[in-house]
2 protein chains.
Amino acid sequence: MNGGLDAVLRLVRAQAVLVKRFDASLGGLHGVSLADFTLLLRLSEAPGDRMRRVDLAEALGLTASGVTRGLVPLERIGLVRRDPDARDARVAYAALTDTGRERLAEMRATAGRVAEEVFAEPAWTEEDTKLLAGLLGRLGGTGIAGQGPAGS
Amino acid sequence: MNGGLDAVLRLVRAQAVLVKRFDASLGGLHGVSLADFTLLLRLSEAPGDRMRRVDLAEALGLTASGVTRGLVPLERIGLVRRDPDARDARVAYAALTDTGRERLAEMRATAGRVAEEVFAEPAWTEEDTKLLAGLLGRLGGTGIAGQGPAGS
DNA sequence: GACATCTCCTTGACTGCTCAAGCATATGGG
DNA sequence: CCCATATGCTTGAGCAGTCAAGGAGATGTC
């Protein structure tokens, strides 16, 4: 029996469940998907709240075209602005607008609440959650620093 | 700081990476996606290697239409057969063919190998992998034995 | 300064799923 | 028996992503 394969299949399943749950809350309250939220969150972590679209793609694990398509609705509803680069006419930054920052704070609260619900359900301790995040960090390459649990 | 939200975002990221990796190997060697493989695996776990399509959907966390669409190519390449029910003309079983069983064994070997690669990379112990699987089982509700509340 | 080449980004065609609608069949109540 | 309702499945439209192709601008070489 291959425990790793089992873990992978469970991970895929868990992801589907979680994404549905977050999409429902974020969509209902703020009109955005979890993917939208993640994108905005990345932008908010960048200096000046803006990134080149190609770097955003890299950071999110998407292709450039995925980012182009994902940004369209966010620009339309005014959460993200398209910013040209003075030096290089090829690049267009995606930048968080003031509205985007405000709305993002609300979304973060919603997402945080959902996460608390998820990890409160049966018997999740703070330790468990951290442990899970650490293990997942080793798998995904989030771009954010994060190691696994210390080697006991 | 919400550690749960962090864990969720990492999980989503890890899933994307893993799915790409498995799709590449399974697609290259056997012409199927990870989703196809998961579907076949479920079938192989059912008594008689067959399930009603509606139950398959439930087991996979998909909708009925997702199953209908996913089965089309598998029927076309002869891994799955469509089996009517003698008692109820509405139901159509999805059943693994002999070819399907054979090919599935090969796919399982491939997937197992990829899983080993994934979990060998930096410093995954057997313990870590089991731990991860256990934590994920609490989140996802795999339908396979394991714990996890029925939830909403 | 002109050409080849590289980078950033967008677009068209496709895939794999969703939801909503619909068809066919089953089932229980008058 | 006949009708209302429930169930199993398929289909059309749409959405979010992919890849492949291509346009526009930058850059290095001679």
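The values are calculated or read from the model by the stated rules, or taken from the named source; none is laboratory data. These numbers come from a predicted model, not from an experiment. Positions of Cβ are generated from backbone atoms using ideal geometry, with glycine treated the same way; all protein chains shown enter the neighbour counts.
How many residues, within segment B:16-35, are away from every other protein chain (no Cβ under 13 Å) and in a helix (DSSP H, G or I)? Outline the logic, then answer.
Here is the first cut: in segment B:16-35, the ones away from every other protein chain (no Cβ under 13 Å) are B:24, B:27-32.
Filter again for in a helix (DSSP H, G or I), leaving B:24, B:27-30.
Residues flagged as away from every other protein chain (no Cβ under 13 Å) and in a helix (DSSP H, G or I) within segment B:16-35 amount to 5.
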Looking across segment A:45-73 at residues that are more than 10 Å from DNA strand D (Cβ to nearest atom) and aliphatic (A, V, I, L, M), the single one that is surrounded by the most Cβ atoms within 10 Å (Cβ to Cβ) is A:MET51
Expected output for segment B:43-69 (first residue in a loop (DSSP other than H, G, I, E, B), partner of a type in the set (Gly, Ala, Ser) and at pLDDT 95 or above, Cβ below 8 Å, 6+ apart or cross-chain) is B:LEU62/B:GLY70; B:THR63/B:ALA57
Contact list, first residue from segment B:112-128 and over 20 Å from A:LEU131 (Cα atoms), second anywhere and modelled with pLDDT under 85, beta-carbon distance below 7 Å, six or more apart or interchain, is B:GLY112/A:ASN2; B:ALA115/A:ASN2
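Only one of A:VAL91, A:VAL67, A:VAL80 is within 8 Å of DNA strand C (Cβ to nearest atom), within 19 Å of the chain's Cα centre (by Cα) and β-branched (Val, Ile, Thr). Can you tell me which?
Working: A:VAL91 fails: within 19 Å of the chain's Cα centre (by Cα); A:VAL80 fails: within 8 Å of DNA strand C (Cβ to nearest atom).
Matching residue, one of A:VAL91, A:VAL67, A:VAL80: A:VAL67.
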Does A:LEU62 meet the test of being farther than 13 Å from B:GLN15 by Cβ and away from every other protein chain (no Cβ under 11 Å)?
no
**Prompt:** Is there a residue in segment B:105-116 that is more than 29 Å from A:GLU58 (Cα to Cα), among the basic types (Lys, Arg), outside any loop (DSSP other than H, G, I, E, B) and within 16 Å of DNA strand D (Cβ to nearest atom)?
**Reply:** no
